[in-house]
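The values are calculated or read from the model by the stated rules, or taken from the named source; none is laboratory data. Treat the numbers as computed from the prediction; the structure is a model and nothing was measured. A quick note on method: Cβ atoms are made from the backbone with ideal geometry, for glycine too, and the neighbour counts reach across all protein chains shown.
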Amino acid sequence: MMDTAILTEILALKNASLEELNAKYEELYDGKTAPNINRIELWKKIAHKIQEREYGALSAEAETAKNRLIGDYDPINQRALRSSTAGARDKRLPIPGTVITKNYKGTHIQVKVLEKGFEYNGKVYKTIGAIAKAITGAHWSGYLFFNL
């Protein structure tokens with residue numbers, strides 16, 4: 001269980017400015033300059049380092065096992081889960097059954113990835129771009145619109 005003080009420190013940084021996060025990163029990483037990444041990703045790296053500082057890093061054995069599992073079951077690229085459909089589906093797409101969410105102009109959008117197509121508002125679309133067009137009224141790359 002995470003110590004309340006650690007959790008409080010991490011949560012306090014969630015709303016910190018990019019400049020404050022860069023300073024905290026440099027403090028935690030012995031003067032190293034923060035990588036050029038977005039604020040949320042930087043906050044995650046800092047949160048990880050704070051926890052590592054308090055509880056210790058993974059052992060070499062655990063790190064190796066973690067990297068092996070990521071290689072086999074990468075939750076972002078779904079390599080192992082895609083093996084049966086390799087070449088048939090665009091690799092940028094999540095596996096069927098995944099729900100893609102996006103907030104657009106105050107509306108919460110949910111799109112379910114199907115084996116062949118996508119479901120949005122009870123209607124099946126052939127492409128993710130068709131859904132982006134239905135939502136915005138303009139031609140969009142579906143991958144760009146949904147950040148895939």
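The residues of the range 117-141 that are assigned to a loop (DSSP other than H, G, I, E, B) and loosely packed, with under 15 Cβ neighbours inside 10 Å, listed by number, are ASN121, GLY122, LYS126, THR127, GLY137, ALA138, HIS139, SER141. MET1 meets the conditions (1) modelled with pLDDT under 90; (2) loosely packed, with under 12 Cβ neighbours inside 10 Å; (3) in a helix (DSSP H, G or I) in every case but one. The failed one is (3).
For ARG39, state whether it is among the basic types (Lys, Arg) and modelled with pLDDT under 85. The answer is no for ARG39.
Just checking, how many residues over the range 49-62 are over 17 Å from ALA23 (Cβ atoms), surrounded by 10 or more Cβ atoms within 10 Å (Cβ to Cβ) and not charged (D, E, K, R)?
Within the range 49-62, residues that are over 17 Å from ALA23 (Cβ atoms), surrounded by 10 or more Cβ atoms within 10 Å (Cβ to Cβ) and not charged (D, E, K, R) number 5.
Of all residues in the range 22-60, those satisfying the criterion of being under 24 Å from THR4 (Cα atoms) and assigned to a loop (DSSP other than H, G, I, E, B) are TYR29, GLY56, ALA57, LEU58.
Based on what the data block shows, is ALA80 in a helix (DSSP H, G or I), at pLDDT below 90 and not polar (S, T, N, Q)? Yes.
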